[in-house]
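Report on one structure; see the data block that follows.
The values are calculated or read from the model by the stated rules, or taken from the named source; none is laboratory data. Source: prediction; values computed, not measured. Heads up, the Cβs are rebuilt from the backbone with ideal geometry, glycines too, and the neighbour counts pull from every protein chain shown.
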Amino acid sequence: MPLIIICGKPSVGKSFRTQQLCEYLKENHPNSKIFVAADAEDLQRNVIYADSKKELSVRGSLKSTIERELSKETIVIADSLNYIKGYRYELHCLAKYVRTTYCVIHVDGSEEEIFNCNQKKIEEERYSETIIKELIMRFEEPNAMMRWDKPFFFIHGPSDDPLPCEKICEAIFNKNIQKPNLSTQNPPMQSPDFVFQADKLLQSIAGAILAGQRTEGIGATLSLPGTQETYKIKQKISVGEMRRQRKQFLTFLRANPVSDVSLIPNNFIHFLTNITI
């Protein structure tokens with residue numbers, strides 16, 4: 001079933017519009033299962049959005065929730081800022097991966113309306129003046145010409161303008177599904193134990209890097225098991241972050257198995273070298 005991306009600046013009425021859409025779907029498509037993927041209610045916005053690492057973790061958690069719930073039986077509505085075009089592209093790829101429909105709803109308003117709406121929130125949910133101004137500046141407007149931002153719908157959040165629910169439903173129920181391409185479709189595995197062998201190699205590399213980080217500093221070069229390729233420490237990676245990166249790379253390998261497992265260590269090292277944490 002479809003993936004619906006709600007995006008917009010903070011305190012502009014995204015959750016209100018999400019609620020309207022859910023009510024319409026329940027009334028007009030009662031047999032559809034609906035799941036809203038949103039930020040945690042106790043999210044400390046002023047802390048999270050002031051720290052890029054914490055924000056990255058929150059986005060990753062939200063994406064994992066969407067990926068877990070997205071299926072041919074569930075309508076998933078991603079209700080969050082979703083302000084980075086690269087992140088919206090990643091969600092677009094998830095829809096292609098499960099071969100379902102997709103659309104983007106941009107909820108917007110003037111800065112004055114945003115500040116007024118923010119002030120009406122309870123203190124725990126209110127953005128600080130500094131954070132809300134930064135988030136407004138960071139917002140990357142959707143572009144209806146880009147394939148990952150269409151079908152595209154625009155709605156003025158704080159107004160009484162009705163949400164174009166009929167057109168949204170036409171887009172998600174009656175349009176062609178997202179067609180997978182080489183980057184999103186699953187080719188057959190080359191051997192039954194491919195994933196086991198791959199994960200064993202990745203754990204060995206990850207463990208060696210984590211151990212080396214404890215005794216070596218930034219800029220040091222590490223020799224790693226199973227490969228002649230070396231790893232230069234550009235940044236310290238935590239145990240939790242290494243586990244997340246290893247799982248992400250393993251997911252990539254499931255969809256794109258290599259013909260020779262001995263190539264996996266080199267590919268994983270290049271992957272870790274190029275990530276930004």
Are any of the residues in the range 15-35 crowded, with 19+ Cβ neighbours inside 10 Å and at pLDDT below 95? no
Tell me, yes or no, whether the range 134-146 has at least one residue that is farther than 30 Å from ASN256 by Cα, part of a helix (DSSP H, G or I), free of Cβ contacts under 8 Å to residues at least 60 places away in the same chain and under 19 Å from the mean Cα position of the chain (by Cα). yes
Of everything in the range 1-55 that's in contact with a strand residue (DSSP E or B) (Cβ under 6 Å, 6 or more places away or on another chain) and part of a loop (DSSP other than H, G, I, E, B), which residue is nearest to LYS72 (Cα to Cα)? MET1
Got a sec? Which of ILE34, ILE48, ILE5, ILE66 is touching a helix residue (DSSP H, G or I) at 6+ places or on another chain (Cβ under 7 Å), of a type in the set (A, V, I, L, M) and without any contact (Cβ under 8 Å) to a residue 12 or more places away in the chain? ILE48
Matching entry among ASP42, ASP79, ASP108, ASP51 (being farther than 23 Å from PHE252 by Cα, buried (at least 17 other Cβ atoms within 10 Å of the Cβ) and more than 13 Å from the chain's Cα centre (by Cα)): ASP108
Provide a single number: the residues in the range 157-175 that are in contact with a helix residue (DSSP H, G or I) (Cβ under 9 Å, 6 or more places away or on another chain) and not charged (D, E, K, R). 8
Based on this model, can you work out whether TYR97 counts as among the aromatic types (Phe, Trp, Tyr), under 19 Å from LEU21 (Cβ atoms) and modelled with pLDDT under 95? no
I need the full set of residues from the range 57-74 which are surrounded by 15 or more Cβ atoms within 10 Å (Cβ to Cβ) and in a helix (DSSP H, G or I), in order please. SER57, VAL58, ARG59, LEU62, LYS63, THR65, ILE66, GLU67, GLU69
